[in-house]
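*Asks:* Would you mind keeping the following structure in view while I ask a few things?
The values are calculated or read from the model by the stated rules, or taken from the named source; none is laboratory data. As the structure is a computational prediction, the values presented were derived from the model and not from experiment. Cβ sites come from the backbone with ideal geometry, for glycine too, and all protein chains shown count toward neighbours.
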Amino acid sequence: MSGEIAQAFARAKARGEGVLVAYAMAGDPDLPRSVDVFAALVEGGADILELGVAFSDPIADGPVIQGAAERALKAGSTLKRVLDEVVPAVRQRCPQTPLVIMTYVNVIMAMGEARYAKLARERGVSGTILPDLPPEESAALRATFDAEGMDLIPLCAPTTPPARAQAIAKDGRGFVYCVSVSGVTGMRAELPPDLSQRLDLVRKAASVPIVAGFGISTEEQARTLSAHADGVVVGSALVRAAHTEGPAAAKALCADIKRGLRR
Amino acid sequence: MSTETAAGRFGRYGGRYVPETLVPALLELEEAYAAASADPAFGEEVARVLREFVGRPTTLTPARRLTEAWGGADVWLKREDLAHTGAHKINNTVGQVLLAKRMGKKRIIAETGAGQHGVATATACALFGLPCEVYMGALDVERQALNVFRMRALGAVVRPVESGSRTLKDAMNEAMRTWVSQVSDTHYVIGSAAGPHPYPTVVRDFQAVIGRELRTQAQAAWGGLPDAIIACVGGGSNAIGVLHPFIGDASVRLVGVEAGGHGLASKQHGASLTLGTEGVLHGSRSLVLQDEDGQIQEAHSISAGLDYPGVGPELAHLAKTGRMEVRTATDDEALAAFYEVARLEGILPALETSHAFARGRELARELGAGRHLVINCSGRGDKDVATISARGVPPPVGVKA
C-alpha cells in the first residue's frame, strides 16, 4: 500500500487525533479555484484530500455533489486535466498531504486503467475510490493498481453482511471506506444507531485503517465516530460551504470537525 | 440457447457496477429469481396473469398491404401493441412485481422514458396492491402527458427529474439513487434489459414470452420459422424478448433498429450499438454513447423510449459477435413509417416501433418473395399523438390536397 496514506494515519494517531479525509470536487467552480479549496481544507486540518473527478451520471452521489459535478463539467474538468493541472498544483501547496481520487469506473475506463494508474501515481496520487466498483468487479483493476503502487480503496456499506464486510476489510488497500448510511452522499441529521457496532466489526477485521463517510458534517458526529473509526470523510458539507461561502468557510468547517476528532 | 458466458456476463458485457449498498439487494434478487424460476407455481401464476389480464398470446397479424407495397417478403406483425397498456412492457412488470411480492417487498420504484414502462409498472402495482413511484425525466413528462396522467390515475407517484438531459438516463440515475436509500423494503423494477446483473437476465426472461409465442404462431401460420425478425432497440427489452428464442436458429436473421435521430453524423441520435464505445452506465458494462473522457453523452430521438445513450449488455454482445444485424432509422424516417403503417394497415404504431417499420421495406426486398419477415410491433402510438400531430398531418387518403 501507499506509504503516504499509512504515514498520514500514523501522524494523526501520534497526535492523538482521528484522520480527516476531506472531499471537494476538482474543477468546482473551475480548475484553478478548486486548488484554492483543497489548500484551504488542508489549512483547516485535513489529513488526506479526496479529489472528486466529475462524472455525468453519478449514481452514488446526492444533490450537493451532483451539483458540484455539473459545475465542474461545465468548467471543463476532465480526469486528464485534473491529473495535469489540479493534482500537481495541490501537491505543490500541500506536499505532505496524500491525495486520493474519487470518481466513477467509466471515467477510469475511458482513460485506460493502466494508463490512469501510471499517470496518477507519477503526479502524486496515492489512492483511488470508485463507488460503483464492488469487489466482484474489481479484481483486474486492483491488480493493475497494485502493480503501480496505487491503492484501490474499498467500500463497505450498511447493507454489507458481516462476513462480506470482514472479507472486504481484511484485503483492503489504503483504508477501508465505511459508508455510514444506506443512501447517497449528503448531510444527515442523525446517523444510524448500529453504526458504531458495524465500524467495530470492520475495524477488527481490517488490515488497514478504517474511516466512516457519507452523512457526516458536524464536530459532534466526528467525535462520536472517532471512537470507532480511525477517521471520517466529510464531503457534501465542505462542497456546500466552499460553493456558497468560499474556501475560508470550508477551512473553518474542517477545523470544527478536526476538533471533534481529538481524543 | 444462452448467450450468457458466465453469471451476468455476455462476452465482455454485463456485470454489476453499482454502489456496495446495492450489492446485497442484487444478490438477494438473483437468489429469489432463481428460486422463483425453479418453482412451477410461480411460472403458472405469471402465465395466468399474462393470459387473463394482459391478453396473451398477442396475435401474429399478416400485414397484407405492407407486403404488397414493399414488394418482397411476406410481412407479419407480432402485436405487442395489443397487450394491455399498449406495449410489451407489461410482460416484464407483471413478472417483476410478482417477484417483488414473493420477496416481501413493500413498495416499487421504476424509471420511465416514454412512459410505457411507468404505466406498465403502475398497472402491475395497482393489480397486486403495492405503492409505486415512477421517476421520469422532466422533458419526457412534458412530451408524454397522456402516460403521466395514466400513471397518476393508476395511483402511482410520478417524480419529474430535472438533472442532466431531463430524459430516461437521468430518470434511471435518480431511481438508482432512490433505491440506494430505500433498498431494504423497495424493489426497483427496471424496464429495459439493462442495468446491473441480474436485471438484464430477468427482464429478458420475462420478455422472451414474445419470441416463444412467435415460434408457435409462425409454425401454425406458415409451418416454419421467420426468415428475419426486426425490432427497435433503445435499451432493448422488446428486441431481446422477441429475438432471444431464435438466437440458436442460424436461418433466422435478427435485426435491431436504433434511433438515428437527426442522422448519425449529427451527434444527435441514440445509436449506441452502431456508434457507442465500451463503457459502464447504470450498473453494467456495455456499449454507450460517451465522449473521450468517459462522460455520457445525451442521446436524441423523436421517440422518448429510444432516447437512451446505453443498451442492454446481451444485445451489445449479439451485435459485436455479428449474430444481430444493427441498422438505424432517423426521426424523419420513423415519422414517414408511422403514417405508412397507419394508412396501409390501420395501426398507429408507437414512434419507437416506427423505427423498426422504417427499415422493413429494404429488408423485405432483401429477403424476397415467399420469405417471412416479422416486425415486432412493440407498442401503440396513442402516447405519441401530440409529438406527431405537432409536425402536421398529411392530407387524407383519396382526397386531393
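*Asks:* Exactly one of these conditions fails for B:Glu258: (1) among the charged types (D, E, K, R); (2) closer than 26 Å to B:Asp331 by Cβ; (3) in the same structural domain as B:His117 (by the TED database). Give me its number.
*Replies:* Unmet condition: (3).
*Asks:* State which residue is farthest from B:Ser303 (Cα to Cα) when the search covers only the range B:145-170 and only residues that are among the small types (Gly, Ala, Ser) and in contact (Cβ under 8 Å) with a residue 60 or more places away in the chain.
*Replies:* Among those residues, the one meeting the criterion is B:Gly164.
*Asks:* For the subset of the range A:118-144 comprising residues that are more than 17 Å from the chain's Cα centre (by Cα) and among the hydrophobic types (A, V, I, L, M, F, W, C), which member is farthest from B:Leu26 (Cα to Cα)?
*Replies:* Checked the range A:118-144; the qualifying residue farthest from B:Leu26 (Cα to Cα) is A:Leu119.
For (1) under 13 Å from A:Leu51 (Cβ atoms); (2) surrounded by fewer than 18 Cβ atoms within 10 Å (Cβ to Cβ), each residue gets a yes or a no:
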position: A:Leu99; (1), (2): yes, no
position: A:Ala143; (1), (2): no, yes
position: A:Ala147; (1), (2): no, yes
position: A:Pro154; (1), (2): no, no
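*Asks:* Could you list all residues from the range B:226-246 that are under 16 Å from B:Leu306 (Cα atoms) and in a strand (DSSP E or B)?
*Replies:* Result: B:Ile230, B:Ala231, B:Cys232, B:Val233.
*Asks:* Inspect all residues belonging to the range B:86-105 and state whether any of them is crowded, with 24+ Cβ neighbours inside 10 Å, touching a helix residue (DSSP H, G or I) at 6+ places or on another chain (Cβ under 6 Å) and free of Cβ contacts under 8 Å to residues at least 60 places away in the same chain.
*Replies:* Yes; the residues of the range B:86-105 include at least one that is crowded, with 24+ Cβ neighbours inside 10 Å, touching a helix residue (DSSP H, G or I) at 6+ places or on another chain (Cβ under 6 Å) and free of Cβ contacts under 8 Å to residues at least 60 places away in the same chain.
*Asks:* On to the next question. Determine which member of the set B:Asp293, B:Asp249 is at pLDDT 95 or above, within 12 Å of chain A (Cβ to nearest Cβ) and either over 18 Å from the mean Cα position of the chain (by Cα) or not in a strand (DSSP E or B) (or both).
*Replies:* Exactly one residue qualifies, and that residue is B:Asp293.
*Asks:* Against the condition charged (D, E, K, R), touching a residue at least 12 places away in the same chain (Cβ under 8 Å) and within 11 Å of another protein chain (Cβ to nearest Cβ), how does B:Arg16 come out, does it pass?
*Replies:* It is true that B:Arg16 is charged (D, E, K, R), touching a residue at least 12 places away in the same chain (Cβ under 8 Å) and within 11 Å of another protein chain (Cβ to nearest Cβ).
*Asks:* Give A:Gly260, A:Gly172, A:Gly213, A:Gly186 a once-over and let me know the one that is within 18 Å of B:Glu20 (Cα to Cα), surrounded by fewer than 23 Cβ atoms within 10 Å (Cβ to Cβ) and in contact (Cβ under 8 Å) with a residue 24 or more places away in the chain.
*Replies:* Result of the check over A:Gly260, A:Gly172, A:Gly213, A:Gly186: A:Gly186.
*Asks:* Does B:Ser284 satisfy the condition of being within 14 Å of chain A (Cβ to nearest Cβ), crowded, with 20+ Cβ neighbours inside 10 Å, among the hydroxyl-bearing types (Ser, Thr, Tyr) and under 22 Å from B:Val202 (Cα atoms)?
*Replies:* Yes; evaluated as a whole, the condition is true for this residue.
*Asks:* Give B:Ala175, B:Ala138, B:Ala171, B:Ala126 a once-over and let me know the one that is within 25 Å of B:Gly55 (Cβ to Cβ) and either in the same structural domain as B:Asn238 (by the TED database) or among the small types (Gly, Ala, Ser) (or both).
*Replies:* B:Ala126
*Asks:* Among the residues that make up the range B:104-112, is at least one of them over 29 Å from B:Ala231 (Cα atoms) and in a helix (DSSP H, G or I)?
*Replies:* No, every residue in the range B:104-112 fails to be over 29 Å from B:Ala231 (Cα atoms) and in a helix (DSSP H, G or I).
*Asks:* While we're on this one: How many residues, within the range A:150-173, are under 11 Å from the mean Cα position of the chain (by Cα) and more than 9 Å from every other protein chain (Cβ to nearest Cβ)?
*Replies:* Counting residues in the range A:150-173 that are under 11 Å from the mean Cα position of the chain (by Cα) and more than 9 Å from every other protein chain (Cβ to nearest Cβ) gives 1.
*Asks:* Of A:His228, A:His243, which residue is part of a loop (DSSP other than H, G, I, E, B) and at negative phi?
*Replies:* A:His228
*Asks:* Scanning for something crowded, with 24+ Cβ neighbours inside 10 Å, in a strand (DSSP E or B), within 14 Å of chain B (Cβ to nearest Cβ) and touching a Ser or Thr at 6+ places or on another chain (Cβ under 9 Å), does the range A:29-48 turn up at least one residue?
*Replies:* Scanning the range A:29-48, I find no residue that is crowded, with 24+ Cβ neighbours inside 10 Å, in a strand (DSSP E or B), within 14 Å of chain B (Cβ to nearest Cβ) and touching a Ser or Thr at 6+ places or on another chain (Cβ under 9 Å), so the answer is no.
*Asks:* While we're on this one: Quick check: anything in the range A:138-145 within 8 Å of another protein chain (Cβ to nearest Cβ), free of Cβ contacts under 8 Å to residues at least 12 places away in the same chain, in a helix (DSSP H, G or I) and over 19 Å from A:Ala212 (Cα atoms)?
*Replies:* Scanning the range A:138-145 turns up no residue that is within 8 Å of another protein chain (Cβ to nearest Cβ), free of Cβ contacts under 8 Å to residues at least 12 places away in the same chain, in a helix (DSSP H, G or I) and over 19 Å from A:Ala212 (Cα atoms).
*Asks:* Can you pull out the residues in the range B:143-191 that are of a type in the set (Lys, Arg), within 20 Å of B:Cys125 (Cβ to Cβ) and more than 14 Å from chain A (Cβ to nearest Cβ)?
*Replies:* B:Arg150, B:Arg152 - these are the residues of the range B:143-191 that are of a type in the set (Lys, Arg), within 20 Å of B:Cys125 (Cβ to Cβ) and more than 14 Å from chain A (Cβ to nearest Cβ).
*Asks:* Which of the residues belonging to the range B:243-271 are among the hydrophobic types (A, V, I, L, M, F, W, C) and buried (at least 19 other Cβ atoms within 10 Å of the Cβ)?
*Replies:* B:Leu243, B:Phe246, B:Val252, B:Leu254, B:Val255, B:Val257, B:Ala259, B:Ala271
*Asks:* Just to check your reading of the model, which residue among B:Ala32, B:Ala41, B:Ala83, B:Ala6 is exposed (fewer than 15 other Cβ atoms within 10 Å of the Cβ) and more than 14 Å from every other protein chain (Cβ to nearest Cβ)?
*Replies:* B:Ala41
*Asks:* Just to check your reading of the model, which residue among B:His317, B:His355 is more than 14 Å from every other protein chain (Cβ to nearest Cβ), touching an Asp or Glu at 6+ places or on another chain (Cβ under 8 Å) and not in a strand (DSSP E or B)?
*Replies:* After applying the criteria, what remains is B:His355.
*Asks:* Looking only at the range A:120-134, decide whether some residue is within 11 Å of chain B (Cβ to nearest Cβ) and more than 17 Å from A:Arg173 (Cα to Cα).
*Replies:* no
*Asks:* Can you pull out every residue in the range A:157-198 that is within 18 Å of A:Thr128 (Cβ to Cβ) and either touching a Gly at 6+ places or on another chain (Cβ under 9 Å) or modelled with pLDDT under 90 (or both)?
*Replies:* A:Arg173, A:Gly174, A:Phe175, A:Tyr177, A:Cys178, A:Val179, A:Thr185
*Asks:* Please state which of the following conditions A:Pro98 fails to meet, knowing it meets all the rest: (1) within 26 Å of B:Asn173 (Cβ to Cβ); (2) in contact with a strand residue (DSSP E or B) (Cβ under 6 Å, 6 or more places away or on another chain); (3) more than 12 Å from chain B (Cβ to nearest Cβ); (4) not basic (Lys, Arg).
*Replies:* (1) is the only condition that A:Pro98 fails.
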